[in-house]
1. Under the rule of at least 5 residues apart or a separate chain, name every residue whose amide H is placed under 5 Å from the amide H of CYS25.
2. Within 10 Å of each residue's Cβ, count the other Cβ atoms and sort ASP18, ASP57 from fewest upward.
3. Given the -39500 (n - 2.57) contribution per DSSP H run of 4+ residues, what per-residue ellipticity at 222 nm results for the chain, rounded to the nearest 500 deg cm²/dmol?
4. Please give the length that would be gained between THR60 and LYS17 if that part of the chain were fully extended, namely 0.36 nm times their separation in residues minus their C-alpha to C-alpha distance (nm, one decimal).
5. First measure r as the distance between the Cβ atoms of ALA30 and LYS10, then evaluate 1/(1 + (r/R0)^6) with R0 = 22 Å and state the FRET efficiency to the nearest 0.05.
6. For the range 8-56, with the dipole built from +1 on Lys and Arg beta-carbon atoms and -1 on Asp and Glu ones, taken about the Cα centre, which of ILE54, LEU19, ILE33 lies farthest toward the positive end?
7. Counting pairs of Cα atoms in the chain, how many percent are more than 18 Å apart?
8. Taking the Cα centre of the chain as origin, work out the dipole magnitude from +1 charges on Lys and Arg Cβ and -1 charges on Asp and Glu Cβ, in debye rounded to 20.
Amino acid sequence: MITGEESEGKQLEVFAKDLNILIECSLLVAVLINDDPGTYVEIGWMANGSKATILSDPLTIKLNS
């Protein structure tokens, strides 16, 4: 988990690992439990690659209908 207190190098390392996982997988299950920009980026990455995404919004965070 990135808190924003990590060095830029550490943040880039985590980003690269996350991106590699998204490239390898064929399905993303995203659960919105807070307003996390990283989750939104992952959803967008999968959509751009025409890969399936299941989105759960148990706390009704989404703003669009």
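No lab work stands behind these numbers, since they all come straight from the coordinates. Nothing here was measured: the structure is a model prediction, and the numbers come from that model. Methodologically, a virtual Cβ is constructed for each residue, glycine included, from the backbone with ideal geometry; neighbour enumeration extends over all protein chains shown.
1. Counting only residues 5 or more places away or on other chains, the set is empty.
2. Numbers: ASP18 15, ASP57 11.
Going from least to most buried by this count: ASP57, ASP18.
3. Here the helix-only value at 222 nm equals -14500 deg cm²/dmol.
4. Full extension from THR60 to LYS17 adds 12.6 nm.
5. FRET efficiency, ALA30 to LYS10: 0.40.
6. Going by the Cα projections, it comes out as ILE54.
7. Counting every Cα pair in the chain, those more than 18 Å apart make up 43 percent.
8. About 280 debye.
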